[in-house]
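Trainee: Below are the structure tokens for one structure; questions will follow.
The values are calculated or read from the model by the stated rules, or taken from the named source; none is laboratory data. Just so you know, these numbers come straight off a predicted model, no measurement behind them. Using ideal geometry, Cβ is built from the backbone for each residue, glycine included, and neighbour counts are taken over all protein chains shown. Surface accessibility is based on the protein's heavy atoms, side chains included, excluding ligands, DNA and RNA. Shrake-Rupley method; radii C 1.70, N 1.55, O 1.52, S 1.80 Å.
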Amino acid sequence: AKSAGGNRFELADPEMDERTITRHGLTTALPAALDRSEFFIEYQPLVHLADGSVSGAEALVRWSHPQHGVLGPDRFIPLAEHTGLIVPLGRWVLEEAVRQTHEWQQRHPGAGPLRINVNLSPCQLHHSGLVADTVDTLERIGLEPGTLCLEVTESALIGADDDLLKPLRRLAEMGVDIALDDFGTGYSNLANLRRLPVTELKLDRSFTQGMQQYPADPVDTKIVEGIVALAHSLDLSVTVEGVETAAQADQLRRLGCDTAQGWYYARPGPWDHLHQLALVDATG
Ligand code: C2E
Ligand code: CA
Ligand code: CA
Ligand code: CA
């Protein structure tokens, strides 16, 4: 009786009610949204910490919803994962990001390669078509595998068996980079890293937050130092997320991190915006 009462109370909460209804509405609207091309990608530059030059960009998906306006991925990616729509949606993101990157390279052959990072949901890892879809997209569009980096969260790979790692290993063998996203939040066994076909660690934003003031948080400093030493000894590069201030960039550079991403450099934006940053860079 007690739990039933609790439920009734929850349903009576108007905000809760609205969220449930909205979630349901968004879930049922997802397939048509993909058909109607309501999704679009914003690109956020990745920057070499050493000199501030643009090395690439991360593709971040958004939904331009006819009633709710632009929705961030946190609002709909979990729903798409729940219904399985993440597989065709993920395929669309890859296709679109690869196409725009290739187009840019064609137009600016002297500007050097711009790497494109695409997020992979754990559901896509479990989907048998991942390798074939990725190979097909790269070949059909004509982008070098080494220009693509797939980001997989650390938590998706914790305790992963060989069957789950096999597709990632195949892609890595082809030259596709694999980044371990949100690194440091998943409590994975560091020794486990050697087993994973990853080429890069993306340090979670929580560590960057510890670099906000001088001197930086001593515990975060020690952890970042340790992670960087370990990563470099395994030949992995380290990217830091969520860099919002010069102090953070400065201290993370001094700790040996290789690449940074964050509002301090640029917010996610349309390709044209990235294009300008990368081009200014390439031409000095
Ligand atoms: P993520 O992969 O960790 O992406 C980084 C998030 O941090 C992005 O949020 C980005 O806009 C935000 N961010 C970047 N710089 C800063 C900063 O300086 N400060 C702060 N506070 N935040 C910053 P966003 O775009 O809302 O994406 C959220 C998450 O949604 C992503 O986290 C990723 O897990 C997921 N996601 C985005 N696009 C895709 C996609 O195409 N496929 C899949 N499966 N997941 C995606
Ligand atoms: Ca990511
Ligand atoms: Ca590469
Ligand atoms: Ca991340």
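Trainee: If you scan region 187-199, which residues turn out to be in a loop (DSSP other than H, G, I, E, B) and buried (at least 16 other Cβ atoms within 10 Å of the Cβ)? Write out each step before concluding.
Mentor: Taking region 187-199 first, the residues in a loop (DSSP other than H, G, I, E, B) are 187-189, 196-199.
The answer is 188, 196, 197, 198, 199.
For (1) under 23 Å from residue 155 (Cβ atoms); (2) in a loop (DSSP other than H, G, I, E, B); (3) modelled with pLDDT under 95; (4) of a type in the set (D, E, K, R), each residue gets a yes or a no:
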| position | (1), (2), (3), (4) |
| --- | --- |
| 215 | no, yes, yes, no |
| 223 | yes, no, yes, no |
| 252 | yes, no, no, no |
| 256 | no, yes, no, no |
| 273 | no, no, yes, no |
| 277 | no, no, yes, no |
| 280 | no, no, yes, no |
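This table checks each residue for (1) farther than 21 Å from residue 123 by Cα; (2) more than 16 Å from ligand 2 (Cβ to nearest atom).
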residue	(1), (2)
167	no, yes
185	no, no
205	yes, no
217	yes, yes
221	yes, yes
238	yes, no
246	yes, yes
255	yes, yes
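Trainee: Among the residues of region 145-158, is there at least one that is away from ligand 2 (no atom under 16 Å from the Cβ), at pLDDT 95 or above and either among the small types (Gly, Ala, Ser) or in contact with a Pro (Cβ under 7 Å, 6 or more places away or on another chain) (or both)? Show your work before the answer.
Mentor: Kept after step one, since they are away from ligand 2 (no atom under 16 Å from the Cβ), are these residues of region 145-158: 145-147, 158.
So of that shortlist, the ones also at pLDDT 95 or above come out as 145-147.
This time we only want the ones that are either among the small types (Gly, Ala, Ser) or in contact with a Pro (Cβ under 7 Å, 6 or more places away or on another chain) (or both), so: 146-147.
Yes: region 145-158 contains one or more residues that are away from ligand 2 (no atom under 16 Å from the Cβ), at pLDDT 95 or above and either among the small types (Gly, Ala, Ser) or in contact with a Pro (Cβ under 7 Å, 6 or more places away or on another chain) (or both).
Trainee: Continuing with the same structure: Looking at (1) away from ligand 3 (no atom under 16 Å from the Cβ); (2) closer than 21 Å to residue 156 by Cβ; (3) open to solvent by 30 Å² or more (accessible area, probe 1.4 Å), which one does residue 209 not meet, given that it meets all the others?
Mentor: All conditions pass for residue 209, except number (2).
Trainee: While we're looking at this one, here's another question. Looking at region 157-166, which of the residues that are open to solvent by less than 30 Å² (accessible area, probe 1.4 Å) and closer than 24 Å to residue 79 by Cα is nearest to ligand 4 (Cβ to nearest atom)? Before you say what the answer is, go through the steps one by one.
Mentor: Here is the first cut: in region 157-166, the ones open to solvent by less than 30 Å² (accessible area, probe 1.4 Å) are 157, 160, 164-165.
Of the ones still in play, those that are also closer than 24 Å to residue 79 by Cα are 157, 160, 164.
Numbers: 157: 14, 160: 18, 164: 20 Å.
Filtering region 157-166 for residues that are open to solvent by less than 30 Å² (accessible area, probe 1.4 Å) and closer than 24 Å to residue 79 by Cα, the one nearest to ligand 4 (Cβ to nearest atom) comes out as 157.
Trainee: Next question. Cβ-Cβ under 7 Å, sequence separation 6+ or interchain: first residue in region 200-212 and closer than 15 Å to residue 253 by Cα and assigned to a helix (DSSP H, G or I), partner more than 16 Å from ligand 2 (Cβ to nearest atom) and open to solvent by 20 Å² or more (accessible area, probe 1.4 Å). Which pairs?
Mentor: So the pair list comes out as 207/220; 207/223.
Trainee: Moving on to the next point. Need the failing condition index for residue 216 against (1) buried (at least 20 other Cβ atoms within 10 Å of the Cβ); (2) in contact with a strand residue (DSSP E or B) (Cβ under 9 Å, 6 or more places away or on another chain), just the number.
Mentor: The one condition residue 216 does not meet is (2).
Trainee: Name every residue in region 195-209 that is among the basic types (Lys, Arg), within 12 Å of ligand 4 (Cβ to nearest atom) and over 7 Å from residue 179 (Cα atoms), in order of residue number. So that I can check it myself, show each step before the final result.
Mentor: Our first condition is that a residue be among the basic types (Lys, Arg); within region 195-209, this holds for 195, 202, 205.
Then keep just the ones that are within 12 Å of ligand 4 (Cβ to nearest atom); that gives 202, 205.
Scanning region 195-209 gives a single hit, 205.
Trainee: Only one residue in 177, 182 is buried (at least 16 other Cβ atoms within 10 Å of the Cβ), at pLDDT below 95 and within 16 Å of ligand 4 (Cβ to nearest atom), so which one is that? Steps first, please.
Mentor: Values: 177 fails: at pLDDT below 95.
Answer to the selection: 182.
Trainee: Let me ask another. Out of (1) hydrophobic (A, V, I, L, M, F, W, C); (2) within 15 Å of residue 42 (Cα to Cα); (3) open to solvent by 10 Å² or more (accessible area, probe 1.4 Å), the odd one out for residue 255 is which?
Mentor: Evaluating residue 255 over (1) hydrophobic (A, V, I, L, M, F, W, C); (2) within 15 Å of residue 42 (Cα to Cα); (3) open to solvent by 10 Å² or more (accessible area, probe 1.4 Å) leaves (2) as the failure.
Trainee: If I go through region 232-246 residue by residue, how many of them are assigned to a helix (DSSP H, G or I) and modelled with pLDDT of 95 or more?
Mentor: Filtering region 232-246 down to residues assigned to a helix (DSSP H, G or I) leaves 232-233, 246.
Within this subset, residues satisfying the condition of being modelled with pLDDT of 95 or more are 232, 246.
The total comes to 2.
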